[in-house]
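Derivation of every value follows stated rules applied to the coordinates shown; laboratory data play no part. Quick caveat: nothing in here was measured; it's all calculated off a predicted structure. Counting neighbours? That spans all protein chains shown, and the Cβs are built from the backbone with ideal geometry, glycine included.
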Amino acid sequence: MKESNTALLEIEESYDSRHKHDVNESSNNTTAHNLYSLPFKYKEATDEALVSLYVNNQDEEAFNQIVEKYKDIIMGFSMKLIRNMQDAEEIRQDVFLILITKLHTYKGNSKFSTWLYRVTLNTCYKYLNHTKKRTNKEVNLDETLLSQATLCPQWKTKPDEIVEYQERMKVIDGAVNELTQSNREIFSLKDIHGFSNAEIGKLTGLSLSAVKSRVLRTRLSLKEKISDYFSG
């Protein structure tokens with residue numbers, strides 16, 4: 001067992017009441033050794049306990065447990081943003097590489113899952129920025145929606161409608177980019193990438209009610225910004 005008895009004691013006392021033990025500080029080393037000689041139950045440990053084991057003791061099994069728990073979730077989030085299996089897999093690997101070197105920066109101010117979702121989201125945005133598809137600062141609706149529309153047979157024979165569609169997308173795109181950065185992110189996650197309110201809450205750390213409120217305010221703001229164009 002790589003981790004020390006002292007490290008296990010600190011972790012269990014801090015994060016997992018199921019593993020708490022009443023240990024007198026004056027107990028000798030033999031008593032402590034006997035108490036923690038049983039195998040540590042990685043699968044029952046909290047995320048915070050696993051993080052602490054890896055950061056403080058370089059416990060590879062703790063890290064592997066984190067990977068096993070979140071690998072499919074990270075892949076699912078990446079696919080919603082990237083829409084490409086190979087690229088999403090590359091992002092997942094990048095996220096785990098980041099964890100190897102940056103896991104110590106998690107300070108426990110939020111749930112570990114929220115912190116990890118933010119790491120995943122930022123990694124996706126960096127990928128999109130690098131490939132010049134889209135950045136988290138400029139939400140290009142025309143790129144996503146127009147490409148879908150031109151796949152429909154009726155659009156191919158109506159170039160005037162394509163031009164009109166492009167003009168509308170430019171108006172909407174401009175309105176979106178006038179939003180605050182936080183509201184642009186909410187709009188992008190909800191209305192472009194199709195994340196549920198619960199998923200957005202995990203990514204941003206907002207409560208479900210706060211997400212719903214943000215979505216509503218953002219949509220109302222956009223409606224106000226583009227109302228003149230579409231009512232004309």
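Sorted fewest first by neighbouring Cβ atoms within 10 angstrom, Val215, Val67 come out as Val67, Val215.
In this structure, the pairs whose alpha-carbon distance is over 26 Å, taken from Lys102/Lys190; Lys107/Lys202; Lys126/Lys190, are Lys102/Lys190.
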